[in-house]
Amino acid sequence: MAGLAPDAAHFFKFLFVLVLYTFAMTLFNFLLACTFRNGGIAILLSALFNLFIMTFAGFFVHLADIPQALRWLQWFSLLKYCLEALAVNEVGSGLQIVDTLQGVPVNVSAQLIMNLLFGFGENNYYRDILVLFAFIAGFGLALIGIVWLRVRERR
């Protein structure tokens, strides 16, 4: 109905990206909870981090419209990699935009829209998966380090 890829392979790739993103954000929130004694501070910082990653993901604000001095912050946005992987997964199946505008038939490849509107690369699916794994590994190691430093028994 929506024109998305109907086969199982694209669905499981979609599900895999969502699970990776959820796992990375869960580890980050665990890291905040272990770092700060006050839970309110951890929740506040988690909300601020979510606002940051939504701003620099390229969905609400085009990455080219972000000032040059702040554009490097996009590389720390987990959501950027998640959205790009999801878009490449769906658009890579040959998604076409078919419409009629004022009586003129329009048939446009969704890859063109993905590149122009959002700035996502066509072949970045596996790169995005590796970056999400790197965030998971980094947050996991940091969490283990914080737990080891803060929770160990002191005599």
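Summary table below
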{"item": "Filter pass, Phe120 being assigned to a loop (DSSP other than H, G, I, E, B), at negative phi and surrounded by 13 or more Cβ atoms within 10 Å (Cβ to Cβ)", "result": "yes"}
{"item": "The one condition in (1) assigned to a strand (DSSP E or B); (2) open to solvent by 70 Å² or more (accessible area, probe 1.4 Å) that Trp75 fails to fulfil", "result": "(1)"}
{"item": "Members of the stretch 1-43 found to be of a type outside the set (A, V, I, L, M) and outside any helix (DSSP H, G or I), listed by number", "result": "Gly3, Pro6, Asp7, Phe36, Arg37, Asn38"}
{"item": "Selection from the stretch 132-155 of residues that are out of contact with any Phe, Trp or Tyr (no Cβ under 7 Å at 6 or more places or on another chain) and touching a residue at least 40 places away in the same chain (Cβ under 8 Å)", "result": "Phe133, Phe135, Gly140, Ala142, Ile146, Val147, Arg150, Val151"}
{"item": "Criterion: assigned to a helix (DSSP H, G or I), open to solvent by 70 Å² or more (accessible area, probe 1.4 Å) and over 26 Å from Leu27 (Cα atoms) - qualifying residue of Leu51, Leu112", "result": "Leu112"}
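Residues checked against (1) among the basic types (Lys, Arg); (2) open to solvent by 50 Å² or more (accessible area, probe 1.4 Å); (3) within 29 Å of Thr26 (Cβ to Cβ):
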{"position": "Phe59", "(1), (2), (3)": "no, yes, yes"}
{"position": "Ala64", "(1), (2), (3)": "no, yes, no"}
{"position": "Leu132", "(1), (2), (3)": "no, no, yes"}
{"position": "Val147", "(1), (2), (3)": "no, yes, yes"}
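The values are calculated or read from the model by the stated rules, or taken from the named source; none is laboratory data. A quick note: this is a predicted structure, and the numbers were derived from the prediction, not measured. All Cβ positions, glycine included, derive from the backbone under ideal geometry; neighbour counts span all protein chains shown. These accessible areas exclude ligands, DNA and RNA; they are computed on the full protein's heavy atoms, side chains included. Shrake-Rupley method; radii C 1.70, N 1.55, O 1.52, S 1.80 Å.
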